[in-house]
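This report concerns only the one structure given below.
The values are calculated or read from the model by the stated rules, or taken from the named source; none is laboratory data. Since the structure is predicted, the reported quantities are computational estimates derived from the model, not experimental observations. For neighbour counting, all protein chains shown are included, and Cβ atoms are generated from backbone atoms with ideal geometry for every residue, glycine included.
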Amino acid sequence: MSELRSIVRGVGGYLPERVMTNDEMSKLVDTSDEWIQQRTGIKQRHIAAEGELTSDLAVAAAKRALEAAELTIDGIDLVIVATTTPDMTFPATAAVVQQKLGMHHGAAFDLQAVCSGFVYAVATADSQLKNGLGKRALVIGAETSSRILDWTDRTTCVLFGDGAGAMVLELGEDGDRGVLASSLRSDGHHWSKLYTDGGPSSTMSIGHIRMEGKEVFKHAVGNITDVVRDVFDKTGTTVDDLDWFIPHQANKRIIDGAGVKLGIPPEKVVLTVDHHANTSAASVPLALSVAAEDGRIKKGDLVMLEAMGGGFTWGASLIRW
Ligand code: COA
């Protein structure tokens with residue numbers, strides 16, 4: 001049955017040129033390639049160049065998504081940038097992206113849900129389009145997490161990388177294509193398990209990432225599976241209908257754990273954590289862009305996105321591609 005939905009017109013990703021391997025990391029802190037790979041599945045990460053800002057990464061990914069959608073910025077009504085590492089405290093990085101893309105019309109704002117930011121942004125754009133705010137949205141996840149890492153803390157600095165991914169959503173009717181349902185959750189009682197020890201209002205500085213890794217790990221699999229099941233229930237679909245599972249790329253062990261609990265075969269899981277590390281809000285759209293560009297995700301496929309991050313926040317979104 002045809003229904004007005006937010007349909008994916010195109011996706012695109014961008015990774016900074018500089019690659020940092022685990023061996024390089026082991027020259028900075030007491031760690032090893034073996035430890036990092038065994039505990040996280042990460043082999044390398046990309047690091048933004050000096051002077052390369054979150055907005056630059058976002059713009060590069062946005063241009064690729066627009067190209068894939070065969071659109072120019074003139075066709076976009078709404079820009080949402082999900083990020084925890086904005087260029088400045090204000091204005092929103094989305095406004096800077098708007099300027100860099102030469103866009104004078106429409107609306108632009110940032111969304112802060114840490115690693116769940118892109119999934120939150122997809123759900124937000126979907127509801128805004130359905131509410132008549134515009135016809136097309138450019139949804140971006142972009143991060144320069146390297147700028148908020150404590151490079152002397154081996155328990156966090158090995159986990160993150162920089163990058164950006166973008167998606168163009170367009171309101172239309174095309175069979176059952178589009179965003180079918182989303183499920184968003186948060187529980188702020190857990191904020192102190194994953195946070196920055198600074199901010200404009202508290203310290204007048206940006207702070208660095210602090211994390212109780214084991215605690216985050218403990219909650220991750222359960223939270224992820226809850227929202228994924230909720231989205232299956234809302235849409236009357238099951239894991240057997242799924243073509244692709246696009247998890248937040250924080251840790252291969254978390255992804256494997258969620259896959260096993262949900263009964264998703266490994267060949268349906270898109271993995272980029274090995275090459276990208278955890279790029280926070282950029283991880284899901286980057287994984288999507290990799291799998292769309294290499295031809296794995298095809299028109300008509302059923303694709304589940306999920307993420308979990310600081311707050312805690314977590315969410316899932318089911319899309320008929
Ligand atoms: N290299 C080498 N050793 C390290 C290390 C590193 N980079 N980081 C920690 N260690 C050490 C610890 O100090 C500890 O040593 P000890 O036993 O002498 O005290 C040992 O390794 C085990 O640490 P532990 O924290 O128990 O490891 P773990 O198996 O829980 O793995 C994480 C650590 C961070 C990989 C894991 O907890 C994790 O992935 N958590 C979720 C993190 C996440 O996804 N965050 C983002 C969510 S959006």
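Can you find, within the stretch 177-209, the residue that is nearest to the ligand (Cβ to nearest atom) among those that are in a strand (DSSP E or B) and more than 14 Å from Ala113 (Cβ to Cβ)? Steps first, answer last, please.
Residues of the stretch 177-209 in a strand (DSSP E or B): 178-186, 194-196, 209.
If we keep only those that are more than 14 Å from Ala113 (Cβ to Cβ) as well, we get 178-181, 196, 209.
Details: Gly178: 27, Val179: 23, Leu180: 25, Ala181: 23, Thr196: 13, Ile209: 9 Å.
Out of the qualifying residues, it is Ile209.
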Quick one: in the stretch 34-72, of everything that is under 20 Å from Met20 (Cα atoms), among the hydrophobic types (A, V, I, L, M, F, W, C) and more than 18 Å from the chain's Cα centre (by Cα), which residue is surrounded by the most Cβ atoms within 10 Å (Cβ to Cβ)? Ile36
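Which residues, taken from the stretch 136-148, are more than 18 Å from Ala123 (Cα to Cα) and more than 12 Å from the ligand (Cβ to nearest atom)? Explain how you work it out, then say what you get.
Initially, the stretch 136-148 is screened for residues more than 18 Å from Ala123 (Cα to Cα), giving 143-148.
Those that are more than 18 Å from Ala123 (Cα to Cα) and more than 12 Å from the ligand (Cβ to nearest atom): Thr144, Ser146, Arg147, Ile148.
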(1) over 19 Å from the mean Cα position of the chain (by Cα); (2) farther than 26 Å from Ala291 by Cα all hold for Asp230 apart from (2)
Read through the list (1) out of contact with any helix residue (DSSP H, G or I) (no Cβ under 8 Å at 6 or more places or on another chain); (2) surrounded by 19 or more Cβ atoms within 10 Å (Cβ to Cβ), then give the number of the only condition that Glu143 fails. (1)
Would you confirm whether or not the stretch 73-82 contains a residue that is under 16 Å from the mean Cα position of the chain (by Cα) and closer than 30 Å to Thr155 by Cβ? yes
Within the stretch 210-321, strands (runs of 3 or more DSSP E) holding 3 or more residues that are within 26 Å of Ile7 (Cβ to Cβ), within 16 Å of the ligand (Cβ to nearest atom) and at pLDDT 95 or above: 302-309, 313-320
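Table: residues versus (1) at positive phi; (2) out of contact with any strand residue (DSSP E or B) (no Cβ under 8 Å at 6 or more places or on another chain); (3) surrounded by 20 or more Cβ atoms within 10 Å (Cβ to Cβ).
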site: Asn223; (1), (2), (3): no, no, yes
site: Lys234; (1), (2), (3): no, no, no
site: Asp241; (1), (2), (3): no, no, no
site: Ala250; (1), (2), (3): no, no, yes
site: Ile255; (1), (2), (3): no, no, yes
site: Val260; (1), (2), (3): no, yes, no
site: Glu267; (1), (2), (3): no, yes, no
site: Val270; (1), (2), (3): no, no, yes
site: Asn278; (1), (2), (3): no, no, yes
Could you count how many residues in the stretch 11-33 are crowded, with 17+ Cβ neighbours inside 10 Å and free of Cβ contacts under 8 Å to residues at least 12 places away in the same chain? 1
In this structure, is Gly41 at pLDDT 95 or above and away from the ligand (no atom under 13 Å from the Cβ)? no
